[in-house]
Amino acid sequence: MKTDYTSLRSQVRNFSDFYGSAISEAKKQISAAISEMSEANKDLLEKYRKEVALRRKYHEQLVELKGNIRVLCRVKPVLKEDQHEEGQSVVVTTDPNNESSLNVLNKGKGRIFELDKVFQPQATQEEVFQEIEPLVTSSIDGYHVCIFAYGQTGSGKTYTMEGSVENPGINQRALKHLFSEIEERKDMWSYTVTVSSVEIYNEVLRDLLSKDGEKLDIKINPDGTGQLHVPGLRVIEVKSFQHIKKILATARRNRITFGTQMNQHSSRSHALLCITVQGTDLATGSKTTGKLNLVDLAGSERVWKSGAEGERLKEAQNINRSLLSLGDVIQALRARQTHIPFRNSRLTYLLQDSLGKGSKTVMVVQVSALESNVGETLCSLKFAQRVCKVELGPAARKIESGGGHYD
Ligand code: ADP
Ligand code: MG
């Protein structure tokens, strides 16, 4: 027994020695494998960064080629509720072989309009968003972007921007895309997203995210940067896509409340959703600030034609003036004029830093296809064409980009 015991003891001791050295050997092997892996990982991450940078560059070039100011047209489908009205024949037709042209039949004569892109009546919310998506992405990269919906009341502006619960429009899709893009980049960038929302009615600015809807002023920022700011404007930091849904609902509710206080004005005011995206590159610490402004414009119909008076006429004149000045600003930008008349309306003044040089703009012109609306449809398309007229083909842009930041 004693001998057996001693022998067992020595075996156990030997075993633990053997065991210890096996473990330290295994440890060595594992740490070698880990460091090999992390080297490979570093290499992959490096390659990934390069790919991302390349993708962004190509993406920029694509947007640039398509033009920094684009005018799109969306034809509203003829809905059941439109059909019992008179003048229900369809006078607006699209060309299946040419996605940038549109034909309007008026008093027996056809007129063709050329725009950057025309969406057929059956185009889905997703298809419309796809066209805008690159711009939303570039706001994360630090660009200033404006997206406008223009057109007469009932032509689908709010449908395109806000959409319905089952079928959300650009606003929600843009924010969803923004947050998923931020998630995708989280190993390299950290982002802060803030939103504010205002309404401009009769040249008066109101905060759609504060209950009392106090009037606001646009001032020059005292920090000496020359930038504009709106003292007292509520700016909310958004953490998630769920959070933004609540904020959008608040803005919508407030717009309706202000509306009943001032006779049904939602179609006679501009509604703006302004999103700011601040990014920090985790590797270098460099920062970017992008802006995305989503604007549901006031109805463009010419109400004085129906003999409007008093308040209604003043309202109409204000709308007309601000839409005209928006057209003037976009036209001047597209023509690369040196003087851009930002100060002619609250809307363009407020959006000055997002409409200027280096920023990107999309105007979605909404039209009805029905004969009863042909007058307004022609007006909207003339507006679109006036903005579009200044043709900036890819060749012209290339010259500019030669000296710019694209090579
Ligand atoms: P606006 O904001 O220009 O006054 P709306 O967006 O409110 O016009 O549109 C008027 C009506 O037509 C709404 O009931 C809206 O849901 C509907 N509508 C507009 N565009 C479409 C579309 N592409 N598909 C389905 N319904 C639409
Ligand atoms: Mg509307």
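The values are calculated or read from the model by the stated rules, or taken from the named source; none is laboratory data. Worth saying up front: this structure is predicted, and the values here are computed from it rather than measured. Here the Cβ positions follow ideal geometry from the backbone for every residue, glycine too, while neighbour counts run over all protein chains shown. Ligands, DNA and RNA are stripped out before the accessible areas are found, and what is left, the full protein with its side chains, is counted by its heavy atoms. Shrake-Rupley method; radii C 1.70, N 1.55, O 1.52, S 1.80 Å.
Worth a mention:
- Within the option set 138, 100, being farther than 23 Å from residue 301 by Cβ, modelled with pLDDT under 90 and under 20 Å from the mean Cα position of the chain (by Cα) holds for one residue only, 138.
- Scope the stretch 141-167; condition more than 12 Å from ligand 1 (Cβ to nearest atom) and either over 17 Å from the mean Cα position of the chain (by Cα) or over 30 Å from residue 53 (Cα atoms) (or both); matching residues: none
- Leading residue by the ranking (most open to solvent (accessible area, probe 1.4 Å)) among those in the stretch 168-206 that are within 14 Å of the chain's Cα centre (by Cα) and among the basic types (Lys, Arg): 176
- Residue match in the stretch 64-82 (condition: open to solvent by 100 Å² or more (accessible area, probe 1.4 Å), within 16 Å of ligand 1 (Cβ to nearest atom), more than 30 Å from residue 354 (Cα to Cα) and in the same structural domain as residue 120 (by the TED database)): yes
- Selected residue (only one of 285, 358, 299, 327 is among the small types (Gly, Ala, Ser), crowded, with 16+ Cβ neighbours inside 10 Å and either not in a helix (DSSP H, G or I) or not assigned by the TED database to the domain that holds residue 95 (or both)): 299
- Residue identified as assigned to a helix (DSSP H, G or I) and within 16 Å of ligand 2 (Cβ to nearest atom) among 46, 51, 60, 81: 81
- Subset of the stretch 147-170 [away from ligand 2 (no atom under 16 Å from the Cβ) and under 21 Å from residue 379 (Cβ atoms)]: none
- When residues in the stretch 287-320 are screened for being away from ligand 2 (no atom under 16 Å from the Cβ), modelled with pLDDT of 90 or more and of a type outside the set (Lys, Arg), 5 of them pass.
- Of the residues 117, 176, 107, the single one that is free of Cβ contacts under 8 Å to residues at least 40 places away in the same chain and away from ligand 2 (no atom under 16 Å from the Cβ) is 107.
- Residue within the stretch 220-240 that is in contact with a Ser or Thr (Cβ under 7 Å, 6 or more places away or on another chain), under 21 Å from residue 319 (Cβ atoms), in the same structural domain as residue 290 (by the TED database) and of a type in the set (Val, Ile, Thr) present: no
- Positions within the stretch 168-180 being of a type outside the set (D, E, K, R) and either more than 16 Å from ligand 1 (Cβ to nearest atom) or at positive phi (or both), in sequence order: 174, 175, 177, 178, 179, 180
- Filter pass, residue 102 being free of Cβ contacts under 8 Å to residues at least 24 places away in the same chain, among the hydrophobic types (A, V, I, L, M, F, W, C) and either buried (at least 19 other Cβ atoms within 10 Å of the Cβ) or assigned to a helix (DSSP H, G or I) (or both): no
Results for (1) within 24 Å of residue 57 (Cβ to Cβ); (2) assigned to a loop (DSSP other than H, G, I, E, B); (3) in contact (Cβ under 8 Å) with a residue 60 or more places away in the chain; (4) within 16 Å of ligand 2 (Cβ to nearest atom), shown as yes or no for each residue.
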position: 88; (1), (2), (3), (4): no, yes, yes, no
position: 137; (1), (2), (3), (4): yes, no, yes, no
position: 142; (1), (2), (3), (4): yes, yes, yes, no
position: 145; (1), (2), (3), (4): yes, no, yes, no
